[in-house]
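So the structure is just underneath, and the comments pick up after that.
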Amino acid sequence: GAGVSQSPSNKVTEKGKDVELRCDPISGHTALYWYRQSLGQGLEFLIYFQGNSAPDKSGLPSDRFSAERTGGSVSTLTIQRTQQEDSAVYLCASSLKRGRAFFGQGTRLTVV
Amino acid sequence: AQKVTQAQTEISVVEKEDVTLDCVYETRDTTYYLFWYKQPPSGELVFLIRRNSFDEQNEISGRYSWNFQKSTSSFNFTITASQVVDSAVYFCALLFTGGGNKLTFGTGTQLKVEL
């Protein structure tokens, strides 16, 4: 596609439910990032995929969070048993190796 | 440690003033890349510049200029004659090759330009 696409754009879920957030990176980009941004805050790194290397999961805040990237393309971030503190905008970005990162519009997650 | 520090949390200026946003980075790598992104109130992240560690030339793009100094590990961003439309959060970021080419962001500087 022309840019990084994230879906859904907005998600409201009940506390305790699982959610899946999807990211379609730019075709050919080997690197894919997930970040979280709480209201008025900076970008919190979550996870990073680079080609066929093992992902860098060092930013995942708890074992309720997981992500996968299938076929080196689409990525899904899964949050299990959501909590209110998980409410944030989840941003996905992709890039060529060492290139500028292109960001999606984000998924605004609200846990009620 | 590899990190990016943006010590200025918030800056307020009056339109037409010049403003400099500071960025200090730490890395043991000799090859790395530095970036600036803008996040206006609408929320999307807008790429502004990418600079590699071997290119210390300052760059000017319209009202924007960047001063890269390896001696002080700084990559500062200056907006000349600021405008209200410049109001946004600005993020500095570091990509270090020794860290698997992962992009690390600073905490951002909120710039408010008032009439």
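The values are calculated or read from the model by the stated rules, or taken from the named source; none is laboratory data. Since the structure is predicted, the reported quantities are computational estimates derived from the model, not experimental observations. For neighbour counting, all protein chains shown are included, and Cβ atoms are generated from backbone atoms with ideal geometry for every residue, glycine included. With ligands, DNA and RNA removed, areas are computed over all heavy atoms of the protein, side chains included. Shrake-Rupley method; radii C 1.70, N 1.55, O 1.52, S 1.80 Å.
Of all residue pairs spaced 6 or more apart or on separate chains, those with beta-carbon atoms under 7 Å, a first member in region A:5-23 that is touching a residue at least 40 places away in the same chain (Cβ under 8 Å) and open to solvent by less than 50 Å² (accessible area, probe 1.4 Å) and a second member that is of a type in the set (D, E, K, R) and not in a strand (DSSP E or B) are A:G16/A:R81. Can you confirm whether B:T5 is within 13 Å of the chain's Cα centre (by Cα), open to solvent by 30 Å² or more (accessible area, probe 1.4 Å) and closer than 24 Å to B:L115 by Cβ? Spelling it out, it is not the case that B:T5 is within 13 Å of the chain's Cα centre (by Cα), open to solvent by 30 Å² or more (accessible area, probe 1.4 Å) and closer than 24 Å to B:L115 by Cβ.
None of B:T109, B:T31, B:T104, B:T27 is modelled with pLDDT of 95 or more and hydroxyl-bearing (S, T, Y) except B:T109. Strands (runs of 3 or more DSSP E) fully within region A:53-112 that include at least 1 residues being more than 14 Å from every other protein chain (Cβ to nearest Cβ) and either within 30 Å of B:N52 (Cβ to Cβ) or open to solvent by less than 40 Å² (accessible area, probe 1.4 Å) (or both): A:65-69, A:75-79, A:107-111.
Scanning region B:77-100 for residues that are surrounded by fewer than 17 Cβ atoms within 10 Å (Cβ to Cβ) and among the aliphatic types (A, V, I, L, M) gives B:A81, B:V84, B:V85.
From the list B:D18, B:D29, which residue is in contact (Cβ under 8 Å) with a residue 60 or more places away in the chain, among the charged types (D, E, K, R) and surrounded by 14 or more Cβ atoms within 10 Å (Cβ to Cβ)? So that I can check it myself, show each step before the final result.
Details: B:D18 fails: surrounded by 14 or more Cβ atoms within 10 Å (Cβ to Cβ).
None of the other options fit; the residue is B:D29.
Within region A:88-112, the only residue that satisfies the criterion of being over 13 Å from the mean Cα position of the chain (by Cα), among the polar types (S, T, N, Q) and over 27 Å from B:T31 (Cα atoms) is A:T110.
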